[in-house]
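Working notes for the structure below.
The values are calculated or read from the model by the stated rules, or taken from the named source; none is laboratory data. Small disclaimer: the values here were computed from a predicted structure and weren't measured. In this analysis, Cβ positions are derived from the backbone assuming ideal geometry, glycine residues included, and neighbour counts consider all displayed protein chains.
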Amino acid sequence: AQKITQTQPGMFVQEKEAVTLDCTYDTSDQSYGLFWYKQPSSGEMIFLIYQGSYDEQNATEGRYSLNFQKARKSANLVISASQLGDSAMYFCAMREGLIQGGKLIFGQGTELSVKP
Amino acid sequence: KAGVTQTPRYLIKTRGQQVTLSCSPISGHRSVSWYQQTPGQGLQFLFEYFSETQRNKGNFPGRFSGRQFSNSRSEMNVSTLELGDSALYLCASSLRGASSTDTQYFGPGTRLTVL
């Protein structure tokens, strides 16, 4: 069963506008972490933001915020004031707390294109 | 602080050969994980090492193996290469890799092409 679902294969956004990238997840663990990574065409995965399952506040990191709705099992990434450099693949990932040994489960990704 | 480094960045091999990829984690990080990324299968977990011990392994054949040294540097080896092994291989390091809060930081990847 798919544990991380990103339903938007590709998205376009106008420069300086906000954009929301969707992510839903499935786990029976009470303790888990949700991560968003950015992958430019160069291939490197860049960590953006983290949300813990017990965190009551939505995570924010600069222009990135995470809209965490635990009951709906969704962890959407919001990018405010999009920039041309934001064009990249974006991956949502989950780390389940009961599994030892650093295993991240990734979604299929969303390709974001920022238009000037 | 230097990031995760991977060598080589690009490799071209032929079927049947073997290959070794190297990863140096961020200083102080003791957990190293490896992932394979292909257009068809996406990002898949290969294995994770901590203190020179493999703690978790993904669903890959035994041709894929790895190890970690006492300085936390890690290598992965793929023997008897197949065309389907062509992929971007990403290494990630974290402090301990022991909890859901431990953030993994990735290297630039090694792009392997099997001809």
Checklist outcome for this item: From the option list A:59, A:88, single residue qualifying as within 13 Å of chain B (Cβ to nearest Cβ), surrounded by 13 or more Cβ atoms within 10 Å (Cβ to Cβ) and aliphatic (A, V, I, L, M) is A:59
Checklist outcome for this item: Taking the range A:74-101 and keeping residues over 23 Å from residue B:35 (Cβ atoms) and in a loop (DSSP other than H, G, I, E, B) leaves A:80, A:81, A:82, A:83
Checklist outcome for this item: Picked from the range B:12-38 (must be of a type in the set (D, E, K, R) and over 27 Å from residue B:102 (Cα atoms)), the residue surrounded by the fewest Cβ atoms within 10 Å (Cβ to Cβ) is B:15
Checklist entry - In the list A:104, A:21, A:112, which residue meets the criterion of being modelled with pLDDT under 95, aliphatic (A, V, I, L, M) and closer than 24 Å to residue B:38 by Cβ? => result A:104
Item to check | Residue tally, condition more than 12 Å from chain A (Cβ to nearest Cβ), surrounded by fewer than 20 Cβ atoms within 10 Å (Cβ to Cβ) and among the small types (Gly, Ala, Ser), over the range B:55-108 | outcome: 6
Checklist entry - With (1) surrounded by fewer than 19 Cβ atoms within 10 Å (Cβ to Cβ); (2) within 13 Å of residue A:112 (Cα to Cα) as the list, and residue A:6 as the residue in question, which single condition is left unmet? => result (1)
Next on the checklist: Among the residues in the range A:67-79, are any farther than 24 Å from residue A:29 by Cβ and more than 10 Å from chain B (Cβ to nearest Cβ)?
Outcome noted: yes
Checklist entry - Across the range A:12-54, what is the number of residues that are away from every other protein chain (no Cβ under 14 Å), within 11 Å of residue A:77 (Cβ to Cβ) and part of a strand (DSSP E or B)? => result 3
Next on the checklist: Name the residue that is farthest from residue B:23 (Cα to Cα), counting only residues in the range B:73-106 that are within 13 Å of the chain's Cα centre (by Cα) and assigned to a loop (DSSP other than H, G, I, E, B).
Outcome noted: B:104
Checklist entry - Could you say which residue among B:49, B:35 is under 14 Å from the mean Cα position of the chain (by Cα), under 27 Å from residue A:90 (Cα atoms), modelled with pLDDT under 95 and hydroxyl-bearing (Ser, Thr, Tyr)? => result B:49
Checklist outcome for this item: Filtering the range B:1-46 down to residues that are of a type in the set (Gly, Ala, Ser), assigned to a strand (DSSP E or B) and either within 19 Å of residue B:94 (Cβ to Cβ) or touching a residue at least 24 places away in the same chain (Cβ under 8 Å) (or both) yields B:22, B:24, B:31, B:33
